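Coordinate-derived values only; no laboratory data. None of the values given here were measured: they were computed from a predicted structure. Cβ sites come from the backbone with ideal geometry, for glycine too, and all protein chains shown count toward neighbours.
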Amino acid sequence: MSTMLWLIGVGVLLGPGLVAVAERSLGSRQGPCSSCVVVLVAASVGCAVLFAVGWARFGPGPVAVAWCWACAMSCVLTITDVRSGRLPFPIVAAMTAGGLACLTMAAAAENRWTNLGFACGAALGVLAMAAAVQAVAPEHTGGGDTALYGAVALYLGWFGWNVLATGLLLAAGLTAVVAIAVAVVTHQARARFPAGPSVLAGALLGMLFA
């Protein structure tokens with residue numbers, strides 16, 4: 001219980017730092033945040049809740065740390081995508097590198113090198129497929145979305161085929177729902193919207209269902 005409370009505290013304290021990273025990654029492209037208090041509270045509460053849920057689901061260990069890292073980076077990417085319509089490559093790369101480091105430690109500690117190999121293969125395979133989709137229909141997806149699919153596939157792939165498929169289907173399904181909602185509200189069939197949050201939400205849900 002004390003560990004859980006400590007983790008929740010870390011999540012709360014981490015929120016402002018993640019918002020600062022997101023704002024810094026936007027550079028001069030955006031002005032000051034008009035709802036910074038709301039964003040700060042949402043980031044802190046969101047991280048605290050997600051950290052606690054992940055710790056309860058996965059227990060102590062490198063996999064739980066990988067979950068917390070994925071949640072923290074998801075927070076940053078959600079803020080940047082909603083505010084600017086961008087998924088900065090450095091943040092996506094940090095999400096991937098941190099996850100790879102944690103999963104490598106998990107593989108070493110639990111002798112699960114097959115899981116790590118499958119996760120890396122899944123990341124490369126999904127990245128290649130997403131890149132192909134972007135090449136065919138560049139007006140529907142950006143480079144950040146392509147890279148993000150590869151990143152989330154790394155995490156999902158650790159848990160095997162079923163979780164990989166479930167997570168990707170959830171990500172695609174949530175994105176489709178958001179696209180339909182945006183089209184209905186804006187009355188524009190091809191309206192652009194930030195797809196990152198729905199992709200991340202689907203991937204995190206897929207991990208929890210592992």
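Structure summary
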read-out	value
Assigned charges on the beta-carbon of Lys, Arg, Asp, Glu; region 2-208 dipole about Cα centre (debye)	180
Sites Ala56 and Phe89 - FRET efficiency at Förster radius 25 Å, r taken between beta-carbons, to 0.05	0.15
Val41-Ala131 pseudo-label distance in nm [points 7 Å out on the Cα-to-Cβ vector]	4.4
FRET efficiency, Leu208 to Ala20 (Cβ-Cβ, R0 30 Å, nearest 0.05)	0.60
For region 61-97 versus region 166-192, the gap between their alpha-carbon centres in whole angstrom	21
Cα Rg over Rh - region 2-208, Kirkwood	0.97
Ranked list, fewest to most other Cβ atoms within 10 Å of each Cβ, for Glu23, Glu139	Glu139, Glu23
Derived scalar couplings ³J(HN,Hα) [region 106-121; Karplus, 6.51 cos²θ - 1.76 cosθ + 1.60; whole Hz; x for Gly, Pro]	5, 5, 5, 6, 10, 6, 10, 5, 4, 4, 5, x, 5, 4, 5, x
Sum of -39500 (n - 2.57) over DSSP H runs of 4+, divided by residues of the chain (222 nm, nearest 500)	-28500 deg cm²/dmol
Paramagnetic reach from Glu110 in region 37-69 [backbone N under 15 Å; point 7 Å along Cα→Cβ]	54-68
Ascending count of other beta-carbon atoms within 10 Å, so fewest first, for Tyr149, Tyr155	Tyr149, Tyr155
HN-Hα J in Hz across region 125-134 - Karplus 6.51, -1.76, 1.60, θ = phi - 60°, x for Gly and Pro	x, 5, 4, 5, 5, 5, 5, 5, 4, 5
